[in-house]
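The values are calculated or read from the model by the stated rules, or taken from the named source; none is laboratory data. Being a predicted model, the structure only gives us computed values, none of them experimental. Backbone-built Cβ (ideal geometry, glycine too); neighbour counts: all protein chains shown. Note: areas computed on protein heavy atoms with side chains; ligands, DNA, RNA excluded. Shrake-Rupley method; radii C 1.70, N 1.55, O 1.52, S 1.80 Å.
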Amino acid sequence: MYSFSGGNDGSALDRPLTVDSQGNLYGTALSGGSAGFGTVFKVTPDGQLSVLYTFLGGSDGSVPVGGVILDGDGNLYGTTASGGGNANCTGGCGTVFKLSPAGQETIVHSFGAAGDGQSSYSGLVADTRGNFYGVTYAGGAAGAGVVFKVTAKGKESVLYAFAAGNDGANPEGALILDAKGNIYGDTSNGGGSCNCGTVFKLSKNGAEKVLHSFSKSDGGYPYGGLTRDSTGNLFGTTYSGGTHNYGVVYEITSH
């Protein structure tokens with residue numbers, strides 16, 4: 001549909017696209033753009049691309065790895081892995097941003113305060129009340145990443161900080177929510193003797209349960225997030241491990 005040039009249109013696409021009711025596709029390029037810090041773009045059904053926003057690498061954010069999601073009014077929401085202006089991280093600790101249909105960016109939250117997360121690679125998921133949920137790769141009390149919530153009014157809170165032990169470390173994939181408010185995700189590290197990652201469940205009150213800890217023989221280093229079917233089974237992939245050490249597709253039965 002469209003082939004990127006690596007210039008003002010952006011380069012290095014790393015996450016799935018979002019589609020609206022007219023069939024337009026929305027996504028992020030983590031680099032490129034006129035300033036070199038990434039773009040948010042739209043591709044029409046006939047393959048016409050428009051750059052909706054170009055990141056400047058300062059307080060507006062940079063390196064939008066995680067893609068974007070749409071609300072009912074056509075606003076786009078996403079995260080950046082750096083930028084945002086917090087001096088606790090070289091180049092900034094990342095942001096949660098909102099982009100209006102007219103291309104006006106608003107910073108909903110800048111990461112990097114004490115105990116807060118740093119560097120979100122995952123993008124966001126939303127509940128029915130307009131709250132947003134995501135993860136950061138680093139930050140938190142142990143520096144191993146957090147699960148965070150941003151309310152519809154822009155207040156951010158850390159729901160869980162990973163301890164870099166059996167509970168997991170360094171989440172990268174997008175979260176999923178169930179109807180009861182439980183949160184599911186994976187971590188790319190931590191989780192036992194081989195430090196190969198976990199699949200976890202987080203309850204509404206912030207209690208974490210490790211559903212599976214990878215051991216290399218059954219997969220290792222899940223980066224991509226999860227898919228959940230109607231009966232509660234979870235599916236995902238790992239970067240490596242398995243019989244040939246090139247990764248696996250796995251299923252975790254409902255809990």
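Values for this structure:
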quantity: Condition check for SER230: under 17 Å from LEU177 (Cβ atoms) and at pLDDT 95 or above; calculated: no
quantity: Residues of segment 5-32 classified as open to solvent by less than 60 Å² (accessible area, probe 1.4 Å) and either touching a residue at least 40 places away in the same chain (Cβ under 8 Å) or not polar (S, T, N, Q) (or both), total; calculated: 15
quantity: Selected residue (only one of ALA113, ALA35 is closer than 30 Å to GLU208 by Cα, open to solvent by 30 Å² or more (accessible area, probe 1.4 Å) and over 15 Å from the mean Cα position of the chain (by Cα)); calculated: ALA113
quantity: Those residues of segment 152-164 which are part of a loop (DSSP other than H, G, I, E, B) and of a type in the set (D, E, K, R), in sequence order; calculated: LYS153, LYS155
quantity: Selection status of ASP178, in contact (Cβ under 8 Å) with a residue 40 or more places away in the chain and buried (at least 20 other Cβ atoms within 10 Å of the Cβ); calculated: no
quantity: Identity of the residue in segment 9-28, under 14 Å from the mean Cα position of the chain (by Cα) and outside any loop (DSSP other than H, G, I, E, B), that ends up farthest from THR79 (Cα to Cα); calculated: THR18
quantity: Flag if LEU202 is touching a Leu at 6+ places or on another chain (Cβ under 8 Å) and within 30 Å of THR106 (Cβ to Cβ); calculated: yes
quantity: Selected residue (only one of ALA174, ALA179 is over 21 Å from GLY112 (Cα atoms) and hydrophobic (A, V, I, L, M, F, W, C)); calculated: ALA179
quantity: Top-ranked residue of segment 190-222 - restricted to ones that are of a type in the set (A, V, I, L, M, F, W, C), more than 22 Å from HIS244 (Cβ to Cβ) and free of Cβ contacts under 8 Å to residues at least 40 places away in the same chain, ranked as least open to solvent (accessible area, probe 1.4 Å); calculated: PHE200
quantity: Residue that is most open to solvent (accessible area, probe 1.4 Å), among those in segment 75-94 that are small (Gly, Ala, Ser) and not in a loop (DSSP other than H, G, I, E, B); calculated: SER82
quantity: Residue match in segment 81-94 (condition: within 12 Å of the chain's Cα centre (by Cα), more than 24 Å from SER21 (Cα to Cα), modelled with pLDDT of 95 or more and among the hydroxyl-bearing types (Ser, Thr, Tyr)); calculated: no
quantity: Number of the exception - THR54 against (1) buried (at least 19 other Cβ atoms within 10 Å of the Cβ); (2) over 20 Å from ALA81 (Cβ atoms); calculated: (2)
quantity: Any hit, segment 225-237, residues being under 20 Å from ALA164 (Cβ atoms), touching a Gly at 6+ places or on another chain (Cβ under 7 Å) and open to solvent by 30 Å² or more (accessible area, probe 1.4 Å); calculated: no
quantity: Odd one out for LEU159, checked against (1) surrounded by fewer than 16 Cβ atoms within 10 Å (Cβ to Cβ); (2) in contact with a Gly (Cβ under 6 Å, 6 or more places away or on another chain); calculated: (1)
quantity: Scope segment 126-151; condition of a type in the set (A, V, I, L, M, F, W, C), assigned to a strand (DSSP E or B) and open to solvent by 30 Å² or more (accessible area, probe 1.4 Å); matching residues; calculated: ALA126
quantity: Wholly enclosed strands (runs of 3 or more DSSP E) of segment 165-255 bearing at least 1 residues of a type in the set (Gly, Ala, Ser) and over 16 Å from the mean Cα position of the chain (by Cα); calculated: 208-213
quantity: Selection from segment 95-110 of residues that are open to solvent by 50 Å² or more (accessible area, probe 1.4 Å) and not polar (S, T, N, Q); calculated: LYS98, PRO101, ALA102, ILE107
